[in-house]
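Derivation of every value follows stated rules applied to the coordinates shown; laboratory data play no part. As the structure is a prediction and not an experimental result, all values here were calculated from the model. Backbone-built Cβ (ideal geometry, glycine too); neighbour counts: all protein chains shown.
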Amino acid sequence: GNGQILRVSVIGTGYLGLTHAVCMADLGHQVLAIDVDAEKIAKAARGETPFFEPGLEPLLRKNLDAGRLRFTDSFAEIGEFGDVHFICVGTPQSKDGTGHADLTYVFGAAEALAPHLNRATLVVGKSTVPVGTSRQLIDRMQAAAPAGELVDYAFNPEFLREGYAVQDSLTPDRIVFGVTGESAETLLRRVFDTPLSSGIPGITMDLETAELVKVAANSFLATKISFINVMAEMCEASGADVIKLADAIGIDERIGRKFLSPGLGFGGGCLPKDIRAFRATAGERGVGSLVDLLTTVDTINLGRRHRVIDLARQALGGDLSGKRIAVLGAAFKPNSDDIRDSPSLDISGRLSDEGAIVSVHDPVAMANAKRVRPELRYADSVHEAADGADLVLHLTEWADYRAIDPAALRATVANPVLIDGRCTLDAAAWRAAGWTVFVPGRPAA
Ligand code: UGA
């Protein structure tokens, strides 16, 4: 590639935006990022990330030090600066019960930016949005931008996973360019010149297809997880082993072993809200079969949480009240401190509602967990959580938990009973140390 340095602005410095800003700077571009949250901006400018993401903070500091990355609170400055503007604000599930994505922040960013677009530039949507949103954005922005038709628009979805954000963003499987014309494509290809020249495929399409690619990918992943989870139920009903089954079907390249890990299903800030928003859009467009599919995927997913609660109740003789339960893991998945729609915290809260005394441990997500579930107890170590426990629940598969010595932990608990909700502990080793172990979808040895 020609390695041309561009002036890239990033609007929104949450998970998506901050990672994108840092990675754009790391590609060599001059980056200016903005957020309405002054504290976030101040923190980022000091080289601190407001969330736990392996590798992001050092890269933030490196690019701040190199002078490639700056932060501002002024949209006028952003408008003046950017050859390309990426909109990276959140699209949470709306609170109206419809499942629709709340587009307030996307349209808010567009309205704040548009009056400052005085010359030819490119506005790129990156936030996950319902199909059709980019067109609406163009209509609103073009009318409000002084440069009018000189402003180009594109949609460039992001596929990064929390915990692997830097790697996924710098070396994604593919880069999708949703564009209305050649000029937008050319400029976007210059922005991503480095990854494209290293052989990462760039796929160009219309705006609507690009918007759908993002939600289709997340819906497929969610469906895959719910599929393996219904197989777990089937295995349990048949005395079969879902892990062996996943390994065996996963070898077929058409299926693939990734995202076939059974357990508690998907949580987090993306998959659950994305399939609900997609279902709402499909309903509006009269695509009932898609509504049905996604409803089933969601129902199966939430059912996993109830399954673990039922197992816990059974393991404790039918009544949870006054029982001491140690919960290992609070984050929605390992390598993250994100507790949004965390299956673990959802289960912990329900157990506590039924009268259990729940003590939660997590290597990094404790502070976030305390904020949303102050009624639970929190322990600084696995042994402290398990002290006097009637039951241990393994609900987030941190590598730390695979290193637990089951014999040592046995001496701490009142009753050596384990439910491995994530199917990742060495059940044989725990059993050998005297534990009764339940693993959903696997035979009770
Ligand atoms: C997901 C997608 O994987 C990303 O590609 C996408 O960019 C992102 O959403 C987004 O839309 O922003 P993320 O939510 O960070 O990324 O987490 P995943 O690693 O996908 O895990 C999602 C959930 O599925 C977790 O709760 C995880 O425990 C669960 N999961 C995952 C399973 O239960 N089984 C599996 O086999 C895999």
Solution diffusion estimate, µm²/s, Stokes-Einstein, the range 206-445, Kirkwood Rh from C-alpha pairs, 10 °C, viscosity 1.306 mPa s
86
Each label point is 7 Å from the Cα along the Cα-to-Cβ direction; what then is the distance between the points at ARG161 and GLU384, in nm?
3.1
As a test of the formula, what do you get for the chain when each DSSP H run with n ≥ 4 contributes -39,500 (n - 2.57) and the sum is divided by the residue count, at 222 nm and rounded to the nearest 500 deg cm²/dmol?
-13500 deg cm²/dmol
With a Förster radius of 25 Å, plug the Cβ-Cβ distance of GLU182 and GLU253 into 1/(1 + (r/R0)^6) and report the FRET value to the nearest 0.05.
0.10
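Assuming 0.36 nm per residue, please report the length gained on full extension of the stretch THR436 to LEU150 beyond their Cα-Cα distance. Before the final figure, lay out each step's value.
Numbers: separation 286, 0.36 × 286 = 102.96 nm, distance 6.79 nm.
Result: 96.2 nm gained on full extension.
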Using Cα pairs under 8 angstrom and six or more residues apart, how large is the relative contact order of the chain, in percent?
12
Burial ranking of peptide ranges 172-184, 323-335 (average Cβ count within 10 Å, highest at the top)
323-335, 172-184
Students often forget the sequence filter, so: which lysines lie under 21 Å Cα-Cα from LYS126 once same-chain residues fewer than 8 apart are removed?
LYS40, LYS214, LYS273
As a percent rounded to 5, the proportion of antiparallel DSSP bridges among beta bridges in the chain is 5
May I ask you to work out the translational diffusion coefficient for the range 235-275 at 37 °C, viscosity 0.692 mPa s, via Stokes-Einstein with Rh from the Kirkwood sum over Cα pairs, reported in whole µm²/s?
277
Quick one: what Rg and Dmax do you get for the range 1-119 from the alpha carbons, in Å?
14.6, 49
Kindly provide the Kirkwood hydrodynamic radius of the range 125-257 in Å, to one decimal, from all pairs of distinct alpha carbon atoms.
17.5
Compute a Gaussian network model of the chain, connecting alpha carbons closer than 10 Å, and tell me which residue from SER238, SER336, SER261 fluctuates the most.
SER238
Taking Cα atoms, the helix 288-315 axis meets the longest principal axis of the chain at an angle in degrees (rounded to 10) of 30
Once both axes come from the Cα atoms, what is the angle between helix 104-113 and the longest principal axis of the chain, in degrees from 0 to 90, rounded to 10?
30
Convex hull over the alpha-carbon atoms of the range 7-205: what's its volume per residue in Å³?
115
May I ask you to list the lysines whose Cα is less than 19 Å away from that of LYS370, ignoring any residue fewer than eight positions away on the same chain?
LYS333
Relative to the present Cα-Cα distance, how much length would full extension add between ALA428 and GLU57 at 0.36 nm per residue of separation?
129.7 nm
Take the Cα radius of gyration of the chain and divide it by 2.2 N^0.38 Å, with N its residue count; two decimals is plenty.
1.06
Computed ³J(HN,Hα) along the range 151-163: with the Karplus parameters 6.51/-1.76/1.60, θ = phi - 60°, integer Hz and x for glycine or proline, the list is 8, 9, 9, 8, 10, 10, x, 10, 10, 6, 9, 4, x
